[in-house]
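Trainee: Supplied in structure tokens, the structure appears directly below.
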């Protein structure tokens, strides 16, 4: 029963544990419930990915109604990769959360925090396994609404305005997506993605479908924080609780990329998206702008969380750059970087969260001499930073390598130069933190700062370990990314 | 004739919309929003969407207005004059509007029976519902059975909103013996509230269970149920309302509703079917459908009622001098 | 002319949508923005429901003697969307109330000034 219903259980288990978590009054129990669920989700994700890897795309008809009359869960390799990303990050972030949340949130809010976290997890998982366009919208809203709440729980009052800004922009994006789904339905009469893919080529030449495509692109771009619609991201990441930033930086925007891929390749089709609508060129332009502008702005930030937030906008630029190349190599490079960046950014934000726990601040000028007091945390930060820059033997190097080679294959050699330049910029802003922590004279009261607790160090180091492992032997993950890309661009000439 | 009503309603909607943009008194804007919602509900009736009209009236004109009024009461009534020229927003809006109008050119004509939406999936729903599911209201059959999973997502959205408002606003329990606001002023309201309260609850139960045969269902019923209690709270004060339905009970109800819904699905999995496959719930597939639909609508109604009340409590308990 | 008659409904709804959209992005008052979102979303619902209508049809409740029914699927979608819209409104307004408690104002420009001073 478990195996045959696995795609549904993947989403149902966290969905059911959210109200259960709310019924538990004790914050410790709520945390335990969230922890247990996250690990269960990881177990199922691994099983699911394994099945898809060996048996191909999985299809599950909810309610046993034949598609397209019922809602279908359809997991292919790209979706399985996303499930893995979300599950791994969730499972690692939960043990970390115990200390971090106690410090950053009011006591009364901790139980509800875990409830909203489980809802966010449900929403994200629901987006990546579904084969129905409207179902995607519903779960997108579940994950978005819970993220607004999670962000607003930050300790400073600016968390509230950041959450509000994200709410307004996110809802506009979601409404655009809804308009797009409505227009698609109006012309084809169906909501199932595979069915849409079949029916769209006949009607693709209508103005309505073109407008639907445009609205979908803009709506999803808001969600994935593509330049210039990224405005909500720096504030949201900076003022949210550390756990929330780490989780969202690694999952929410990546799921946005997945939605983009799903609609561009599976629903609208390669030919319509990239040849008729020229979305590849537009995305490439925006990605380049994202990479340059965001990396540059990051260099000048004093608040490390904000610096890493702008760095995330740049990294999303890399992912979109790979996709905009419109080749199997480009898409697989993009997906590879999606996976690696999730690991890198999560580790970095976890390290920063530990620093915030012990130091009470994440400003660079408060971090002088920190390395002596928190050696493990800073070492994790350095390792993550090296991966972000793209030093060999790290995961970041692998994905940048594949990205550059995909760009060169497509004939865009200036992009290779761009990647190099932005890596140098990353070096600068990482160095600023490293220099302050290792090479500056510590402040008078720095000696009172202790190292972070083990429950916060271990998840960060597990991610770093995964990073280095992939840097040395990336075979499996490259294989998965390439398979995922192959399924997506399957209709390519 | 229908077209005439259609045009009048759309015209009124436009006037209300423009007024909302221009007016600076937020209290007036809140009421205009309520009118906008009610006009939309009327338009939905003209467009033959009766379930949607009921929901829009209950949720849009009902609950949203209450929340807006509470928010305005807790903040400020006057909107400050905008300090920036609205040039960029105007450009964005005009571009978006133009794109949409460009998109409408190829659309099927309004009311056209040959358009793609009326064939394919929808035609099958209309054709198969009497035989497979056995309820006359096709909207309920699609909502609760064919696309029942979306409705589970919807209940989860409501649950998220409840959890979110709880996390943001919390609640403060009023003192138990609080008599509420000045007694003489509210005599009429209290008499009427006492008369209407049981009728509202009865109506809510009717909507809940009659949703198979006419417009209605869990969402509308839950909202109307909550409205009864909100009316009571308005007339007798929050303290007394919290004695009738304490916070803890609402917490539990909120979670239980979602769990009822999900457990129907899990039960069908345990009985060998797929998630939310109602057919396996009983000997006869159609009975199974009826049973499944009834249970999930119950879960929906419970969660929606609880969440609406929790949100109301959350907003209103923020008042320092309570008389809302 | 038939173009006009066939599409006037959609065009008016688009005007409504843009009114809401404009309110969201142009007005600095936080509550007005939420109201703008609400108007925007409600108008999208009207667009969806307009496409479900069949001329000469009636509400999709099966009854003997009636053969033409309105399309039930957009109704279902919009029921869900209305609920989502309510959830967004409730959360948005809760945030506004908290912002007012923290900042003393709900005007976007004033809040920005206060944030820069922080």
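Trainee: Can you give the angle from 0 to 90° between the axis of helix A:158-188 and the longest principal axis of chain A, with both taken from C-alpha atoms, to the nearest 10?
Mentor: With rounding to tens, the tilt is 10 degrees.
Trainee: Here's another thing I want to ask about it. P(r) for region A:1-97, please, calculated from all Cα pair distances in 5 Å bins and given in %.
Mentor: Result returned by the calculation: 3, 13, 21, 21, 18, 12, 8, 4, 1.
Trainee: Continuing with this model, one more query. Which order, highest average first, do A:18-26, B:162-170, A:406-414, A:243-251 follow once you tally other Cβ atoms within 10 Å for each residue and take the mean per peptide?
Mentor: A:243-251, B:162-170, A:18-26, A:406-414
Trainee: Something else: What is the distance in Å between the Cα centres of region B:43-72 and region B:223-291?
Mentor: 22 Å
Trainee: Which peptide among B:247-257, C:10-20, A:348-358, A:70-80 comes first, and what is the full order, when sorted by highest mean count of other Cβ atoms within 10 Å?
Mentor: Packing order, densest peptide first, comes out as A:348-358, A:70-80, C:10-20, B:247-257.
Trainee: For chain C, what is the per residue volume of the convex hull drawn over the alpha-carbon atoms, in cubic angstrom?
Mentor: Residue-normalised Cα hull volume stands at 105 Å³.
Trainee: Counting just the Cα atoms, what span does the protein assembly as shown cover along each of its three principal axes? Round to the nearest Å and put the largest first.
Mentor: The Cα atoms of the protein assembly as shown stretch 79, 69, 61 Å along the principal axes, largest first.
Trainee: Give the average, rounded to an integer, of partner chain Cβ atoms located within 10 angstrom of each Cβ in A:9-19.
Mentor: Partner Cβ neighbours, averaged per residue: 5.
Trainee: Evaluate peptide B:53-64: per residue, the Cβ atoms of other protein chains within 10 Å of its Cβ; return the mean as an integer.
Mentor: 4
Trainee: At a 10 angstrom cut-off on C-beta neighbours, averaged per residue, how do the peptides B:29-42, A:211-224, B:192-205 rank from highest to lowest?
Mentor: A:211-224, B:29-42, B:192-205
Trainee: So, one more: Using the alpha-carbon centroid of each, what span in Å lies between region A:187-242 and region A:9-43?
Mentor: 31 Å
Trainee: Would you please state the base-10 log of I(q)/I(0) at q = 0.12, 0.15, 0.23, 0.30 1/Å for region B:11-71, with intensities from the Debye formula using one equal scatterer on every alpha carbon?
Mentor: Those come out to -0.28, -0.43, -0.88, -1.15, one per q.
Trainee: At 0.36 nm per residue, minus the direct Cα-Cα distance, what do residue B:85 and residue B:112 gain on full extension? Give it in nm, one decimal, please.
Mentor: Residue separation times 0.36 nm, minus the Cα-Cα distance, leaves 5.5 nm.
Trainee: Then there's this: How well do other chains shield peptide B:301-309, expressed as the mean number of their Cβ atoms within 10 Å of each residue Cβ?
Mentor: 1
Trainee: Could I ask something else about it? Under the definition of Cα pairs under 8 Å and six or more residues apart, what whole-number percent is the relative contact order of chain B?
Mentor: Normalised by residue count, the contact order of chain B is 20 percent.
Trainee: Within region A:313-350, find all residues whose amide N lies under 12 Å from a label point positioned 7 Å from the Cα of residue A:51 along Cα-to-beta-carbon.
Mentor: What the label zone holds, given the 12 Å backbone N cut-off, is no residue at all.
Trainee: Which value results when the Cα radius of gyration for chain A is divided by 2.2 N^0.38 Å?
Mentor: The value comes to 0.92.
Trainee: Let me ask something else. Kirkwood Rh over alpha-carbon pairs of region B:114-324, then Stokes-Einstein at 4 °C and 1.567 mPa s: what D in µm² s⁻¹, rounded to an integer?
Mentor: Translational D for this selection: 69 µm²/s.
Trainee: Against the globular-protein guess of 2.2 N^0.38 Å, express the Cα radius of gyration of region A:278-493 as a ratio, rounded to two decimals.
Mentor: Compactness ratio reported: 1.06.
Trainee: Right, something else. Which of A:451, C:108 comes first, and how do the rest follow, when ranked by fewest Cβ neighbours within 10 Å?
Mentor: A:451, C:108
Trainee: Compute the relative contact order of region A:74-225 as a whole-number percentage, counting only Cα pairs closer than 8 Å that sit 6 or more residues apart in sequence.
Mentor: It rounds to 20 percent for region A:74-225.
Trainee: Take the Cβ-Cβ distance between residue A:441 and residue C:102 as r, set R0 to 41 Å, and report the resulting FRET efficiency rounded to the nearest 0.05.
Mentor: So the FRET efficiency works out to roughly 0.65.
Trainee: On to the next question. Which of rounded, prolate, oblate describes region B:1-104, given a ≥ b ≥ c as roots of the alpha-carbon gyration tensor eigenvalues and a/c under 1.5 marking rounded, otherwise prolate only if a/b is larger than b/c?
Mentor: It is oblate, given that a/c is not under 1.5 and a/b is not larger than b/c.
Trainee: If you average the alpha carbon positions of region A:368-413 and of region A:98-165, how far apart do those two centres end up, in angstrom?
Mentor: 29 Å
Trainee: Over chain A, what relative contact order in percent results from Cα pairs under 8 Å that are six or more residues apart?
Mentor: Relative contact order comes out at 15 percent.
Trainee: Between residue A:303 and residue A:473, what is the FRET efficiency for a Förster distance of 45 Å, r being their Cβ-Cβ separation, to the nearest 0.05?
Mentor: 0.80
Each value in this text was obtained by applying a stated rule to the coordinates, not by laboratory testing. Because the structure is predicted, anything quoted here is derived from the model rather than measured. All Cβ positions, even for glycine, are placed from backbone atoms using ideal geometry, and neighbour counts span all protein chains on display.
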